[in-house]
Each structure stands twice: as C-alpha cells, then as structure tokens.
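Reading through the structure tokens given below for one structure.
Please treat every number below as a calculation from the coordinates, not as lab data. All values derive from a computational prediction rather than experimental measurement. Every residue, glycine as well, gets a Cβ built from its backbone with ideal geometry; the counts of neighbours run over all protein chains shown.
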Amino acid sequence: MEIILFFVLFGLMLFLQRWLQQHIQGLTYAVTGNPGCAVRALFLVLLPGVVLHEFSHWLVANLVGVRTGRVSIGLGKMRGKHFSLGSVTVEKSDPLRESLIGVAPFIFGILAVWALMGLGFGLWSPQSVSQVLETLGAVIRDPLTWVALYFVFAVSTSMIPSESDREPWGVIIAIFAGIGLLALVLGWSPNITPELLQWGQQVLSTLIFVFGIIVVVNGTLAILIFLFEWGFGTVTSRRVRY
C-alpha cells in the first residue's frame with residue numbers, strides 16, 4: 001500500500017510542478033498583458049528554489065570531480081517557449097557522473113523540504129496525518145509558518161531535473177537493468193537483512209511524508225490560482241489558453 005501511495009504522490013508532485021509554472025505565468029500575463037513580466041514573475045517567486053537547484057548541480061559536480069564553469073542565476077535567452085531560470089556550465093564526463101549531477105536538485109530539494117519541516121516544526125518522522133495537521137494548526141497564525149510553506153513551494157516547484165539534466169539517465173538505467181537481469185539469470189538473489197528492510201521502510205515513509213507536504217502545499221496554491229484565474233477571466237474576459 002505504501003509503495004502505491006508513493007507513486008501516486010510522486011505523480012501528483014510532477015503534475016503540480018508543471019501546472020503551477022504554467023499558470024503562474026498565465027495569470028501574470030492575463031493581468032498585465034506583458035509576456036516578459038509573466039516570465040520574470042515566475043523567476044522571482046521561484047528564486048530560492050532556482051538558487052538551490054543550480055547550487056546542487058555545482059556542488060555535486062565538484063564532489064565527483066567534474067569541472068564547472070560559469071554559474072548563472074537569472075533569465076536566459078528565450079528559445080520559442082523555452083527559457084532557463086539559471087544554469088551551471090559543466091564539462092562533459094561519463095554518464096554515471098552526469099546522472100548524479102542531473103539528479104542532484106531533486107535530492108537536495110527533498111532534503112531541504114524535510115529539513116524545513118523538521119527544523120521548523122519538529123516533524124522529522126511524524127507518525128500520522130493527524131500529528132502533522134495538529135502541529136501545523138497550532139502555529140498557522142505565525143508569519144514564519146507561511147515563510148516556511150513558501151520555501152516548500154519554491155523549492156519543490158524548482159527541484160525536478162530539467163530535460164537536459166535527464167539526458168544521461170537512459171544509459172545508466174539500461175546498464176543497471178542489464179546487470180540486474182544478468183545477475184538473476186546467473187542465480188544471484190539479494191540477501192536483505194531485517195535492518196536493511198527497516199531502513200528502507202523508514203526512507204519510504206519519509207519520502208511519502210515529504211511528497212505529501214509538497215502535494216498539499218502546492219495543491220492548495222493551485223486551487224487558489226485556478227479560482228483567481230476563473231474569477232478574473234469571468235470579470236474581464238481575459239483568459240490564457242494553455
């Protein structure tokens with residue numbers, strides 16, 4: 001059951017990231033009529049997440065011995081509908097190290113959200129949904145609570161690896177899948193100890209908690225944006241087609 005919940009939350013998280021990025025731009029464009037302003041608005045609201053995204057690329061590249069060049073935070077050149085909010089120049093290396101560099105923003109994003117909930121609210125490993133609701137409900141009027149939730153939104157909406165980050169993953173997945181298949185054909189079977197199984201369950205539970213927080217925060221924001229878009233479009237007849 002937990003593994004199904006994990007994949008459901010993961011899928012919702014990916015969907016909400018794309019939806020929010022599109023509709024933040026769309027709402028700003030509908031209000032201002034300025035496409036450049038819409039792109040800048042997206043950059044500004046996601047700035048903390050963009051900084052963490054590019055920093056994680058830079059840090060992991062240096063940790064695995066891949067040279068880095070210019071680090072850029074800001075709007076890059078637009079190519080059609082595509083534009084960048086930041087970039088790090090990284091030299092070409094092997095698929096394994098390129099994959100580690102590419103997945104870094106996702107791992108750092110998860111750790112950042114987990115740390116925000118742990119340090120800010122003491123929710124390192126909550127035992128139930130009611131515990132999370134009671135803890136957040138007790139401090140919901142504190143302005144810093146809203147600052148923390150904003151950072152959850154900004155980080156989570158920026159942490160999904162871009163298309164260029166995912167380029168080397170196909171090679172790595174094929175290699176590991178081939179090695180695993182060959183090992184099974186040769187009769188090898190993994191020896192999973194109770195300690196390892198318990199650790200895996202703890203990691204899965206933590207990921208479900210982090211993904212759940214992200215989905216609730218971003219899902220609530222998506223509903224508010226949808227309602228505002230609908231109301232604004234009804235009053236002004238200015239709507240954006242996505």
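Hey, what number do you get for the chain at 222 nm if only DSSP H runs of n ≥ 4 count, each worth -39500 (n - 2.57), divided across all residues, to the nearest 500?
-24500 deg cm²/dmol
Which label marks the calculated value of volume of the Cα convex hull per residue in Å³, given the options (1) 129; (2) 119; (3) 173?
Derived directly from the coordinates: (3).
Please compute the contact order of the stretch 2-236 in relative form: average sequence separation of alpha-carbon pairs under 8 Å and at least six residues apart, divided by the residue count, as a percent.
28 percent
Please list 3J(HN,Hα) in residue order for the stretch 214-222, calculated via the Karplus relation 6.51 cos²θ - 1.76 cosθ + 1.60 where θ = phi - 60°; whole Hz, with x for glycine and proline.
Along the stretch 214-222, the couplings run 4, 5, 5, 5, 6, x, 4, 5, 4 Hz.
Considering only 156, 93, 56, give the residue with the highest GNM mean-square fluctuation for the chain, with springs between Cα atoms whenever their separation is below 10 Å.
Residue with maximal mean-square fluctuation among 156, 93, 56: 93.
Using a 10 Å cut-off around each Cβ, can you sort 72, 84, 125, 237 from fewest to most neighbouring Cβ atoms?
237, 125, 72, 84
Would you kindly work out the equivalent ellipsoid of the stretch 51-144 from its C-alpha gyration tensor and give its semi-axes, the square roots of five times the eigenvalues, largest first in whole Å?
35, 18, 11
Label-point separation (nm) for residue 130 and residue 238, each offset 7 Å from Cα along Cα-to-Cβ?
4.8 nm
Among 59, 232, 192, which residue has its Cα furthest toward the positive end of the charge dipole of the chain, with +1 on Lys/Arg Cβ and -1 on Asp/Glu Cβ?
The Cα lying farthest towards the positive end belongs to 232.
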